[in-house]
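The values are calculated or read from the model by the stated rules, or taken from the named source; none is laboratory data. Source: prediction; values computed, not measured. Cβ sites come from the backbone with ideal geometry, for glycine too, and all protein chains shown count toward neighbours. Surface areas here come from the heavy atoms of the whole protein model, side chains and all, with no ligands, DNA or RNA. Shrake-Rupley method; radii C 1.70, N 1.55, O 1.52, S 1.80 Å.
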Amino acid sequence: MTTEQTRRLESAMVDGRRWRAAAYRTLVVEHPVLGPVAQQLVWATFDAADMVTGSFRIANDHTLLDVDGESLELPADGLIGVAHPLPLGTTLEQWRGLFAREELRQPFDQLDRSLYRFTPEEAAADQLTRFVNRRVPTGRIYGVQQQGWELSHTALYRRFTPKREVTVTLTPGIQGGYRYQPDEQHIVSVQLRGGEFGIFDAITASELLRQLERLAA
């Protein structure tokens, strides 16, 4: 059950899920299963424009504490989400230091998450050539389906909007329905349909590149 809750919270961070303050208290902080996992993470408050206005963690007694250890109250109309490290700014290093001192182990990579960005050339293109000819163990292909990717015989697809989709073309491809599967695949291309890669916000860009780097590691 904890594995499923961990996956839900990581997805909430990546996808930008938000809770209203009252619902957050009930559905996260006081939840008997989700609550203990949530205590191992840094959370953020957001304004109506989805900009980070503060960050905090949950103590064992359900008190909310900022990075200096001061308790805080959530505004009744506040929006709460799992903090992605990118917009934490200067407090990121403070949170890292606090979690290290308190020996707080996180359920997934949050504060120490690898961060990525497109080069200017990549941002202006609809192809990511850095991944061409990279090798991918065939067994790893199936794991990315948990991150929103769809699988065909010769490609992986990730849809971001009805008109925006990333396609990773593979060779020799998946031989579905047969006993034999090649040990590894080669990436032929990574292409975005519906624009250039620069249209993605910083978090989406970082998470997309992180998934592709882990796929082809």
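Miscellaneous remarks
- Between amide H atoms placed 1.01 Å from N, distances below 5 Å from residue 134 occur with 187, all of them 5 or more places distant or on a separate chain.
- Rounded to 10°, Cα long-axis angle of helix 91-101 versus longest principal axis of the chain: 80 degrees
- Taking the inverse of the mean 1/r over every pair of distinct Cα atoms in the chain gives a Kirkwood hydrodynamic radius of 19.1 Å.
- Shape of region 1-75, Cα gyration tensor, a/c cut at 1.5: oblate
- Computed with a 1.4 Å probe over protein heavy atoms only, the accessible surface of the chain comes to 54 Å² per residue.
- Length-normalised contact order of region 57-160 in % [C-alpha pairs under 8 Å, at least 6 apart]: 13 percent
- Order by protection proxy (mean Cβ within 10 Å, highest first), peptides 96-109, 26-39: 26-39, 96-109
- Sequence-separation-based contact order of the chain, relative, with Cα cut under 8 Å and 6+ spacing, percent: 18 percent
- Whether region 46-102 is rounded, prolate or oblate, judged on the alpha carbon gyration tensor where a/c under 1.5 counts as rounded: oblate
- Taking θ as phi - 60° and the Karplus parameters 6.51, -1.76 and 1.60, the scalar couplings of region 143-148 work out to x, 6, 5, 6, 9, x Hz in sequence order, x denoting glycine and proline.
- Calculated mean residue ellipticity, 222 nm, the chain: -7500 deg cm²/dmol, from DSSP H runs (n ≥ 4) at -39500 (n - 2.57) each, averaged per residue and rounded to 500.
- Here the Karplus relation 6.51 cos²θ - 1.76 cosθ + 1.60, evaluated at θ = phi - 60°, turns the backbone of region 56-63 into coupling constants of 7, 10, 9, 7, 4, 8, 6, 5 Hz, with x for every Gly and Pro.
- Cut-off under 5 Å, modelled amide H: who pairs with residue 160 long-range: 165, 166
- Under a 5 Å amide H cut-off, with hydrogens placed 1.01 Å from N, residue 79 pairs with 46 among residues at least 5 apart or on other chains.
- Acute angle (nearest 10 degrees) that the helix 202-215 long axis makes with the longest principal axis of the chain, alpha-carbon atoms: 50 degrees
- Highest mean first, the peptides 206-217, 10-21 sorted by other C-beta atoms within 10 Å per residue fall in the order 206-217, 10-21.
- Solvent-accessible area, 1.4 Å probe, carbon plus sulfur percent, for the chain: 49 percent
- Our coupling estimate for region 12-24, obtained by passing each phi through the Karplus curve with A = 6.51, B = -1.76, C = 1.60 and θ = phi - 60°, is 4, 5, 5, 8, x, 6, 10, 10, 5, 3, 5, 5, 4 Hz, Gly and Pro reported as x.
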